[in-house]
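Student: What follows is a single structure, and I will ask about it in a moment.
The values are calculated or read from the model by the stated rules, or taken from the named source; none is laboratory data. Predicted model only: the values in this text are computed from it and were never measured. As a convention, Cβ positions derive from the backbone with ideal geometry for all residues, glycine included, and neighbour counts pool all protein chains shown.
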Amino acid sequence: MYKKFGKKIILLIILLIIYMYVLAIHYIPDEITIFEGEKLSLKTIFGITLHSEDEILTASANTGEKTISKVGSEKLSINLFDKLFIKNVEVSVLPKTTVVPIGNIAGVKLYTSGVLVVGMSEIEGEDKKTYKPYENTGIEEGDTITKINEVAIHSTDDLIEKINMSKGKPLEIEYLHDEETKECSITPVKTNSEEYKLGLWVRDSAAGVGTVTFYEPSTKNFGALGHGITDIDTGDLLNISSGEFVTAKILNIKKGEDGNPGKIQGTVEEQETIGEIAKNTAFGIYGKIKDLSSLNIDMSKEMEVALRDEIKLGKATILCSLDNQNIEEYEIEITKIYRENNYNNKSMEIKVTDEKLIEKTGGIIQGMSGSPIIQNGKFVGAVTHVLVNSATEGYAIFGDLMLKQSKEVK
């Protein structure tokens, strides 16, 4: 009896050890972004080792902390006990860079690649019967229609024109589903109004307001928001073909409170073009500045992007404009730092402590996403989210994650 019990305990211990290694491997990211000379912060456990073929990985003799000495993109191999290969990790090493933190509210206009399917509905045909032309075709909400009969679709007008030209004949549709190109055939239904329809609700553009985070003088690139633009109906990141960044006029500020986030209400109508948007990513939107004067940038505020080791818990400030005129600096606290986080935009937890800002907004509100964070004279990152149950608290993204995205804009 005791032997059986002992075997079960041993087996349980072995399973726990295996589980620990599986978890440790799972949490090693596929991609890491660091600055030149920055310590490579990667949590591992006994037996999991890092190797570089080009001997770019060096370790401190005193602490054992590893750094990568070469700017560029490098591949590290993760091994178990130096014998069993587990995976490769792509490490992007950025040169130390200076940016100008901004904080201006601006308008965003995005145009999708193709048209985004945001809903589906039955259609009443001219025979008074109801139809679902899309049924059993595989197409779903969140998919993007890119071609009809091998002709590219650029807008909802394009789509409507091609459907009506079909005169009820089957259409060969090419669409994107989870970044995979697929095809299906849909037969349009003729309605009482002499139109042909597929039963799909689609959208080809989106607009809103947010905060410009930084301008990088060496490339003329900008970063903004710290998070991506998602479709309001599907919740998916918009796959864009192009976009514009324009000046915005603040109309009203809806003050936030615990359980009910506030927002900046603004308009982008009849405003000036600031630049072109090239990328809509989970880490923000990025592009090229065309009219620097429209942002009223103070170039004397150019500063270094902080290394992650330089970011400390405690006092910091954010920059934002809430009155269509001046950019002001407000006090916050950085309450938690997730230095190993390379997979989402929740790199730090922050709390607004400035009474003047709390009086104006209640804390963090929609539209303040992208507000740059400054600590000890360096650009640290940007505000990304508010905690729904605490209007003064939220998340922020590391500056290096935003800078990597910006560097990829050509």
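Student: Please find, within segment 253-294, the residue that is surrounded by the fewest Cβ atoms within 10 Å (Cβ to Cβ) out of those that are over 18 Å from A224 (Cα atoms) and touching a helix residue (DSSP H, G or I) at 6+ places or on another chain (Cβ under 8 Å).
Tutor: Only one residue fits best here, namely K255.
Student: Just for segment 336-363: of the residues that are in a strand (DSSP E or B) and touching a residue at least 24 places away in the same chain (Cβ under 8 Å), which one is nearest to G223 (Cα to Cα)? Working first, answer last.
Tutor: Looking only at segment 336-363, we keep the residues that are in a strand (DSSP E or B), and these are 336-337, 348-352.
Cutting the leftovers down to touching a residue at least 24 places away in the same chain (Cβ under 8 Å) gives us 337, 348-352.
Numbers: I337: 21, M348: 18, E349: 20, I350: 20, K351: 22, V352: 22 Å.
Filtering segment 336-363 for residues that are in a strand (DSSP E or B) and touching a residue at least 24 places away in the same chain (Cβ under 8 Å), the one nearest to G223 (Cα to Cα) comes out as M348.
Student: Follow-up question, since we're still on this one. Sort out for me the strands (runs of 3 or more DSSP E) sitting completely within segment 68-186 that have 3 or more residues that are under 30 Å from I18 (Cβ atoms), out of contact with any Asp or Glu (no Cβ under 8 Å at 6 or more places or on another chain) and not assigned by TED's automatic domain parsing to the domain that holds P217. Walk me through it before giving the result.
Tutor: Details: elements: 72-80, 84-94, 98-101, 105-120, 144-148, 171-177, 180-186.
Of the strands (runs of 3 or more DSSP E) lying wholly inside segment 68-186, those with at least 3 residues that are under 30 Å from I18 (Cβ atoms), out of contact with any Asp or Glu (no Cβ under 8 Å at 6 or more places or on another chain) and not assigned by TED's automatic domain parsing to the domain that holds P217 span 72-80, 84-94.
Student: Okay, next question. Looking only at segment 270-303, which residues are within 27 Å of L357 (Cα to Cα) and without any contact (Cβ under 8 Å) to a residue 60 or more places away in the chain?
Tutor: S293, S294, S300
Student: Here's a check for you: in segment 382-410, which residue that is of a type outside the set (A, V, I, L, M, F, W, C) and touching a Ser or Thr at 6+ places or on another chain (Cβ under 6 Å) is farthest from L313 (Cα to Cα)?
Tutor: Of segment 382-410, the ones of a type outside the set (A, V, I, L, M, F, W, C) are 384-385, 389-390, 392-395, 399-400, 404-408, 410.
Retained after the next criterion (residues that are touching a Ser or Thr at 6+ places or on another chain (Cβ under 6 Å)): 384, 395, 400, 404-405.
On the way: T384: 18, Y395: 14, D400: 18, K404: 24, Q405: 25 Å.
Only one residue tops the list, namely Q405.
So that you can scan it fast, the table gives a plain yes or no per residue for (1) hydrophobic (A, V, I, L, M, F, W, C); (2) more than 23 Å from the chain's Cα centre (by Cα):
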| site | (1), (2) |
| --- | --- |
| E272 | no, yes |
| M299 | yes, yes |
| T353 | no, yes |
| G363 | no, no |
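Student: For segment 386-397, check the following and say yes or no: at least one residue is part of a loop (DSSP other than H, G, I, E, B) and surrounded by fewer than 22 Cβ atoms within 10 Å (Cβ to Cβ).
Tutor: From segment 386-397, those part of a loop (DSSP other than H, G, I, E, B) are 388-389; that's our starting set.
Now drop any that are not surrounded by fewer than 22 Cβ atoms within 10 Å (Cβ to Cβ), which leaves 388-389.
Looking for residues that are part of a loop (DSSP other than H, G, I, E, B) and surrounded by fewer than 22 Cβ atoms within 10 Å (Cβ to Cβ), one finds at least one in segment 386-397, hence yes.
Student: Could you check segment 140-151 and list, in sequence order, the residues that are touching a strand residue (DSSP E or B) at 6+ places or on another chain (Cβ under 6 Å) and touching a residue at least 60 places away in the same chain (Cβ under 8 Å)? Don't jump to the end; show me each part of the working.
Tutor: Filtering segment 140-151 for residues touching a strand residue (DSSP E or B) at 6+ places or on another chain (Cβ under 6 Å) gives 141, 143-149.
Once the filter is applied, which keeps residues that are touching a strand residue (DSSP E or B) at 6+ places or on another chain (Cβ under 6 Å) and touching a residue at least 60 places away in the same chain (Cβ under 8 Å), segment 140-151 yields E141, T144.
Student: Report, by residue number, each residue of segment 310-331 that is surrounded by 14 or more Cβ atoms within 10 Å (Cβ to Cβ) and under 13 Å from G381 (Cα atoms).
Tutor: Listed by number, the residues that qualify are E310, I311, A316, T317, I318, L319.
Student: Look through segment 110-148, keep the residues that are under 16 Å from K197 (Cα atoms) and polar (S, T, N, Q), and return whichever of them is surrounded by the most Cβ atoms within 10 Å (Cβ to Cβ).
Tutor: Ranking the qualifying residues of segment 110-148, first place goes to T137.
Student: Next up: With respect to L238, is the statement that it is modelled with pLDDT under 85, buried (at least 18 other Cβ atoms within 10 Å of the Cβ) and out of contact with any helix residue (DSSP H, G or I) (no Cβ under 7 Å at 6 or more places or on another chain) true? If you could, list the steps in order and put the result at the bottom.
Tutor: On the way: modelled with pLDDT under 85: yes; buried (at least 18 other Cβ atoms within 10 Å of the Cβ): yes; out of contact with any helix residue (DSSP H, G or I) (no Cβ under 7 Å at 6 or more places or on another chain): yes.
So L238 passes the test.
Student: Specify the residue that is modelled with the lowest pLDDT; the eligible residues are those in segment 168-183 that are in contact with a Gly (Cβ under 9 Å, 6 or more places away or on another chain) and over 14 Å from I153 (Cβ atoms).
Tutor: D178
Student: Being within 18 Å of I397 (Cβ to Cβ) and among the hydrophobic types (A, V, I, L, M, F, W, C) is the filter here, so list the residues in segment 315-337 that pass it.
Tutor: Within segment 315-337, A316, I318, L319, C320, I332, I334, I337 qualify.
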